[in-house]
Amino acid sequence: MGQPHQREEAGAEAGKPPLGVGLIGYAFMGAAHSQGWRTVGHVFDLPLRPVLAAVCGRDGQAVRAMADRHGWAAAETDWRALIARDDVDLVDICTPGDSHAEIALAALAAGKHVLCEKPLANSVAEAEAMTRAAEDAARRGQMSMVGFNYRRVPATSLARSMVAEGRLGALRHVRVTYCQDWLVDREFPLTWRLRRELAGSGALGDLGAHIVDLAQFLAGEPVTGVSALTETFVRERPLPVGASSGLSAAGVPDDGADDPPAALGTVTVDDAALFTGRFASGALASFEATRFATGRKNALRIELNGERGSLAFDLERLNELSYHDHTEPGAYAGFRRILVTEPGHPYLDAWWPPGHGLGYEHTFTHQARDLVLAIAADRPPLPSFADGLQVQRVLAAVEESAAKNSVYTPVPA
């Protein structure tokens, strides 16, 4: 358990009240969140001082090594014990989707703030229960947020401001793709991300959740209906040998011997999802999420077209926006590059001189900053659990449409 008295003394020395963070999950996302929590207080002047109190994972040796590497004061192997710690004020959930609901509900019931990685849950029913609990907890002063980190890229945050200011006018089109290729090799093992009971869905939940949220965030309005196709290209994969993190794992090694074939398991999620949609205003949208786009590693691209102009963003050039002002004379009009590194751009007054770009890791620092500021101000942070629920409803509508031969399927309000 924690040492409240020592923690208070440390906070007094720093001149700011501490905010003890407990992280559950220590693989890829756990490392990214750790970087955000470890960095945020050194970059931004915050009213609270984040303290890396404890990290939790099932493998005691691995989680202890992770704690030492990333600066967590303690390690736990039972998430219930982490939630019960007196030095944990905020629970950060970076586990597979099948445990999001149970952990979040327990943390809220214990009086903790909660940050939950996307997608919020593995089903609409779970997301609804989490949202109700979060709304009840908010009345007690507990804050909850979903980790859609691509909202925290300075360029996408600037794009949202430009749309809100009316620079695009009435929105007509949104087109967005998120393409990766790490599953192209059919010998890649059957990690948890390929099992529906753990991941909920495949590329749809993993990548599609990001682009649905980002599209709705930039547009400032919800998707109200979809027509979809999904496909699983490789339906059986080798069972993993040893530890796996979801994005990486080892299959049965090829030692040249005439060994029997590796045991196979069934892939129970989609490899790719393709769907069209309609926004509340009537604007049309297209979405593609795939882990089979050969040569694409983490290629997220979004473009918005309006009556007065267009905006485009490419994650592989994340310090830039492309902007076309359609009100300019045709002789001079065209897409221009906005280099999003000025101190007047979102988040950038705390970083480097103009022209010195940021990267992927900084989105998690910005995420931590926004959550700490919301907690200190006693105001609900965004994206809320209700926002995560809305994304979950879009994903469910996509699966329903795909199961019904692409029939147009409304998204419940």
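For the residues T156, T39, T365, a GNM of the chain with alpha-carbon springs under 10 Å puts the largest fluctuation on T39. By accessible area, using a 1.4 Å probe on protein heavy atoms only, region 121-240 has 48% of its surface on carbon and sulfur. Taking amide H positions as modeled 1.01 Å from N, with prolines and chain starts lacking one, the residues under 5 Å from V226 and 5 or more places away or on another chain are T409, V411. Split the accessible area of region 349-413 by element, probe 1.4 Å, and carbon with sulfur accounts for 56%. Quick note on region 128-188: its Rg to Rh ratio, both from C-alpha atoms and Rh being the Kirkwood radius, is 1.16.
If you take all other residues with their beta carbon under 15 Å from the beta carbon of D136, and give Lys and Arg +1 and Asp and Glu -1, the sum is +2. Evaluated at q = 0.13, 0.14, 0.17, 0.26 Å⁻¹, a Debye calculation over the C-alpha positions of region 34-128 (equal weights, vacuum) places log10 I(q)/I(0) at -0.47, -0.54, -0.79, -1.41. Of the residues V394, F275, P381, the one whose Cα sits farthest towards the positive end of the charge dipole of region 260-413 is F275 (charges of +1 on Lys and Arg Cβ, -1 on Asp and Glu Cβ, taken about the Cα centre). Over the Cα atoms of region 77-130, the radius of gyration divided by the Kirkwood radius equals 0.95; this is the Rg/Rh ratio.
Sequence-ordered 3J(HN,Hα) estimates for region 88-97 from the Karplus curve with 6.51, -1.76 and 1.60 and θ = phi - 60° stand at 10, 9, 10, 9, 9, 9, 10, 9, x, x Hz, glycine and proline given as x. Here is the tail figure for region 14-59: Cα pairs spaced more than 18 Å apart come to 30 percent of all pairs. Applying both filters, DSSP loop and at most 16 other Cβ atoms within 10 Å, to the chymotrypsin sites (Phe, Trp or Tyr not before Pro) of region 109-204 gives W182.
Within the listed set R301, R69, R317, the Gaussian network model of the chain (springs between alpha-carbon atoms below 10 Å) gives the highest mean-square fluctuation for R69. For region 267-309 versus region 81-143, the spacing of their alpha-carbon centroids is 29 Å. Computed on protein heavy atoms with a 1.4 Å probe, the accessible areas place E187, E320 in the order E187, E320, largest first.
Whole-percent P(r), region 288-413, all Cα pairs, 5 Å bins from 0: 2, 8, 11, 12, 16, 18, 16, 10, 5, 2, 0. Rounded to the nearest whole Hz, the Karplus-based 3J(HN,Hα) values (6.51 cos²θ - 1.76 cosθ + 1.60, θ = phi - 60°) of region 125-131 follow the sequence 4, 4, 5, 5, 5, 5, 5, with x at glycine and proline. Along region 208-213 the Karplus relation, 6.51 cos²θ - 1.76 cosθ + 1.60 evaluated at θ = phi - 60°, assigns HN-Hα couplings of x, 4, 4, 6, 5, 4 Hz to successive residues, with x for each Gly and Pro. Shown here: Rg and Dmax of the Cα atoms in Å, derived from the displayed model; of the candidates (1) 20.7, 61; (2) 21.9, 71; (3) 21.6, 80, it corresponds to (2). With a cap of 16 neighbouring Cβ atoms within 10 Å, and only residues DSSP puts in a loop, list the trypsin sites (Lys or Arg not before Pro) found in region 132-163. Filter output for region 132-163: R139, R140.
The values are calculated or read from the model by the stated rules, or taken from the named source; none is laboratory data. As the structure is a prediction and not an experimental result, all values here were calculated from the model. Methodologically, a virtual Cβ is constructed for each residue, glycine included, from the backbone with ideal geometry; neighbour enumeration extends over all protein chains shown. For accessibility, only protein heavy atoms count, side chains too; no ligands or nucleic acids. Shrake-Rupley method; radii C 1.70, N 1.55, O 1.52, S 1.80 Å.
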